[in-house]
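Down below is the structure, laid out as structure tokens.
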Amino acid sequence: MKKKSTAGLVVFFLALLFGQPGFAQENGPIQIIDAKGSDFIILTQGRRVVYGAGQFRETAVYLNAGDMLQTGPGSFAELRFSGGALLKAAENSSLLVGEGGVETAIRLFYGRLRFRTAPGQGFAVSAASQSVELDSGDAAADYTLHPGSASAKPFLMVSVFGGNARIRAGEQSPFHELAAFERLGLEETSSFAWAERGIVDDETLAYWNAHNFLNGPPLVRPGTVVAGPDSEESRQIPFTLPDTSVFRRANRTKNVMIVTGIVFSLAGLGLNGAGFCHLEWENYDTARMFLISGAAVSGFGILSLFGALMVNPPSDAALNAANAPAVRP
């Protein structure tokens, strides 16, 4: 009876310890200072911890290197780094804290982030092979799926509200430099990639004004100056369509090879049929000629079909979608 009582007490205290929705870390380089909406999840040291939006007010919640933060629908979390940098994770976002202390690299798996640093503070966000570096300023990164896109992968869009940012599509790719109120989108498919560059749109400004930093000033686009080389209109870089002509030529070549292979294969079957007929009529020389010709023609058709399999460019539907204006949420 005594053993059962002792075991019951152990189970009871373990349940109190690990069954709570918030098992907060005592310290770390990143602290969650504000949260709104529904619950969010932290994966830390092999544990999955669920926090309510108001729970961090009772107990300080920290993140360390290797921890993952996941926000749910309508859930927003604001993080402050030990060096003073701020990060706002929007709803339905998933990110991983990397190494680096004050210059912590954030790996964004999906969702929307906004980050702000002071002079002398470095900040880096990576999404797949793409990366964003902000020396000082205010910027946002969207890494989400978009309707009408030619790619099944999320689309990275970086918007700069202040300061300067550098973005590149891969480790070996050159950097794109962005100034205040410029944006750059990077999209990749299985066969090609392109960049869409321009001015930050009103929807992005409205979104981050509605979900601003705690006590942060509103984002206001500077007034447009009609005259002068530094006006907003003169700085805008129009959208450049990707050059898909090489893929369209490959598509046409593949279609021609398929049609040629089918025609020659059918012709070879016809010649072989004629050869078998002559065998029944005992015209052996004529039958042999038809059978050899049919085999040669069919062989050419089969080779043409196998060659078409080796040509594998994007489909016409994907290329048409690539040349169509992307639909942004």
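Restricting the stretch 44-99 to residues that are closer than 20 Å to Leu145 by Cα and among the hydroxyl-bearing types (Ser, Thr, Tyr), which is surrounded by the fewest Cβ atoms within 10 Å (Cβ to Cβ)?
Step by step, filter the stretch 44-99, then rank; the result is Ser94.
Six or more apart or on different chains, Cβ atoms under 9 Å: show the pairs whose first residue is in the stretch 267-278 and over 8 Å from Phe290 (Cα atoms) and whose second is among the aliphatic types (A, V, I, L, M) and surrounded by fewer than 16 Cβ atoms within 10 Å (Cβ to Cβ).
Gly268/Ala295; Gly268/Ala296; Gly268/Ile302; His278/Met289
Taking the conditions exactly as written (at pLDDT 85 or above, farther than 30 Å from Leu86 by Cα and part of a helix (DSSP H, G or I)), does Leu279 satisfy them or not? Break it down stepwise before answering.
Numbers: at pLDDT 85 or above: no; farther than 30 Å from Leu86 by Cα: yes; part of a helix (DSSP H, G or I): yes.
Criteria not met by Leu279.
For Gln25, are the conditions met, namely being modelled with pLDDT of 90 or more, over 21 Å from Asn215 (Cα atoms) and either of a type in the set (Gly, Ala, Ser) or touching a strand residue (DSSP E or B) at 6+ places or on another chain (Cβ under 7 Å) (or both)?
On the way: modelled with pLDDT of 90 or more: no; over 21 Å from Asn215 (Cα atoms): yes; either of a type in the set (Gly, Ala, Ser) or touching a strand residue (DSSP E or B) at 6+ places or on another chain (Cβ under 7 Å) (or both): yes.
For Gln25, the condition - modelled with pLDDT of 90 or more, over 21 Å from Asn215 (Cα atoms) and either of a type in the set (Gly, Ala, Ser) or touching a strand residue (DSSP E or B) at 6+ places or on another chain (Cβ under 7 Å) (or both) - is not met.
Out of Gly122, Gly101, Gly111, I need the residue that is in the same structural domain as Glu182 (by TED's automatic domain parsing), modelled with pLDDT under 90 and at positive phi. Which one?
Values: Gly122 fails: at positive phi; Gly111 fails: modelled with pLDDT under 90.
On inspection, the qualifying residue turns out to be Gly101.
Please state which of the following conditions Ala150 fails to meet, knowing it meets all the rest: (1) at pLDDT below 90; (2) surrounded by fewer than 18 Cβ atoms within 10 Å (Cβ to Cβ); (3) among the hydrophobic types (A, V, I, L, M, F, W, C); (4) farther than 20 Å from Phe175 by Cα.
(2)
If you take the residues of the stretch 187-203 that are at pLDDT 75 or above and part of a strand (DSSP E or B), which of them is surrounded by the fewest Cβ atoms within 10 Å (Cβ to Cβ)?
Gly198
Answer with yes or no whether Thr260 is surrounded by 13 or more Cβ atoms within 10 Å (Cβ to Cβ), in a helix (DSSP H, G or I), modelled with pLDDT under 85 and not charged (D, E, K, R). Walk me through it before giving the result.
On the way: surrounded by 13 or more Cβ atoms within 10 Å (Cβ to Cβ): yes; in a helix (DSSP H, G or I): yes; modelled with pLDDT under 85: no; not charged (D, E, K, R): yes.
No; evaluated as a whole, the condition is false for this residue.
Need at least 2 residues that are closer than 17 Å to Ile106 by Cα and in the same structural domain as Thr117 (by TED's automatic domain parsing) per element, so show me which strands (runs of 3 or more DSSP E) inside the stretch 26-85 make the cut, counting only ones lying wholly within it. Break it down stepwise before answering.
On the way: elements: 30-36, 40-44, 47-51, 61-63, 68-71, 76-81.
Strands (runs of 3 or more DSSP E) meeting the threshold: 30-36, 40-44, 61-63, 68-71, 76-81.
The values are calculated or read from the model by the stated rules, or taken from the named source; none is laboratory data. Only a predicted model underlies this, so the values are computations on that prediction, with no experimental measurement involved. Every residue, glycine as well, gets a Cβ built from its backbone with ideal geometry; the counts of neighbours run over all protein chains shown.
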